[in-house]
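Below: the structure, in structure tokens.
FYI, it's all coordinate maths here, none of it is from the lab. Owing to the predicted nature of the structure, the values given are computational and were not obtained by experimental measurement. Don't worry about glycine lacking a Cβ; one is built from the backbone with ideal geometry, like all the others, and counts go over all protein chains shown.
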Amino acid sequence: MKLLKWSGFLITILLFASCGGSKSTDVGENPKDLKSYNTYAFLPNQNKITTPGYNNEEINYEIVNTVNENMKDEGYRYEKDQPNVLIYVHTMFDEKVEVNADPVYTSYSYYRPDFYIGDYYKPFMYKDYYTIQRITGDNIEQIPYKSKTIVIDFINRKNNQIIWRGTTDNVEITDRRTARAVRNYVDEIFKQFP
């Protein structure tokens, strides 16, 4: 009987140990310095969700709205002209597993104004987004971008350095109730915010 109890206890511990956790990477500046910033804007991306069954606009609207709510809760306000922090969102919804092979040095995808940008970014984007061509980050953790993953980068506008990167394994984005799952996913990322 004692062996059965200990076996059950050991299995429970192993299950908890094998569960995934939230991930965040603090790079460059002291992450506590993020609290000294108070303005932000988005760098729009051109990630298109082409996997059948997912609505690109719905998912991106949910991401932008949920990030905005969390930023407000953290004491930030939107500033299109001279924000302290730029937010760049990676949405990885392709059917195949993807890995960002070059997470330290990134070429930003917009080099000129008026390139196509989804309506979900337009009211919240950095006015001079097209001037940001390279984003760097010292010692940034390589995060495997699995299907249905969202990764959020916080970038210092003055030097284009990634300050903080967050994603999570604690929440899954399901095919059912996708909008709610996306909100939960982004909220889980912000639980790690320094």
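Less than 16 Å from a label point 7 Å out along the Cα-to-Cβ axis of GLU58: which backbone N atoms in segment 162-184 qualify, by residue?
173-184, by backbone N distance to the label point.
Using 0.36 nm per residue of separation minus the Cα-Cα distance, give me the extension gain between LYS127 and GLU79 in nm, one decimal.
The LYS127-GLU79 span can extend by a further 16.4 nm.
Would you please give the residues with an amide H less than 5 Å from that of ASN38, counting only those at least 5 places away or on a separate chain, with H modeled from the backbone geometry?
When sequence neighbours closer than 5 places are left aside, the close amide H contacts are ASN84.
In the structure displayed, which of LYS80/LYS148; LYS35/LYS80; LYS122/LYS191; LYS158/LYS191 lie more than 21 Å apart, Cα to Cα?
Pairs exceeding the cut-off: LYS80/LYS148; LYS122/LYS191; LYS158/LYS191.
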